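One structure is given below, encoded as structure tokens.
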Amino acid sequence: MKGLELTLRALHHGERSLADDLLRVAERHGAEHEVRHIATDLARWSQEHTRRLADIAGHYGLDLSGPRSRPPGLVATLREKAGEAVGRRPEPALLLLHDLRELHLSAAGNSLYWEMLAQAAQASRDRRLLELAADCHPQTLRQMRWTDTLVKQLSAQALTSV
């Protein structure tokens, strides 16, 4: 049961972080309307995953409703500094590619945890966890497909222009 607890904690943390990162990218690249709107929508998925994980964790004696990992004041400061950094960078497309890479890696990590959770749920015949993974994992895969598609669209021009 210890492994299941660790997986639930890691997945909760990962989904919370991904939601925060998606919102940060939406803010940082607000001029890119598709990025802003889709990243905001995808962040809502991770926020919902976080809420559902916290709800189900109570059935396993876990409390995942604790304070956010970063205080709001720090997040606001980081966002402000990130916005300043974008203004100084000569190539916002390179920054967007970097951000998309980071989002993709975070979503991929979450995807692996969803898969692990689903496998544990199947092995233990835990319908509650299996249903949660079946509902949430496809959305995480969609988050990965979105970042992958944008990287493919932006890479050629961003990496070859001088």
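Values quoted throughout were computed directly from the atomic coordinates according to the rules given, and no laboratory measurement underlies them. Fair warning: this is a prediction, and the values are worked out from it, not measured in the lab. Neighbour counts run over all protein chains shown; Cβ positions are idealised from the backbone, glycine included.
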Exercise for the section: Find how much the distance from residue 124 to residue 155 grows on full extension, using 0.36 nm per residue of separation minus their present alpha carbon separation; answer in nm with one decimal. Expected result: 6.8 nm
Handout entry: Of every Cα-Cα pair in segment 88-162, the percent that sits beyond 16 Å
Key = 57 percent
Completion exercise
Residues other than residue 39 with Cβ under 11 Å of its Cβ, Lys/Arg counted +1 and Asp/Glu -1, net out at -2
Exercise for the section: Would you tally the net charge around residue 144, using a Cβ to Cβ cut-off of less than 14 Å, leaving residue 144 out, and scoring K and R as +1, D and E as -1? Expected result: -1
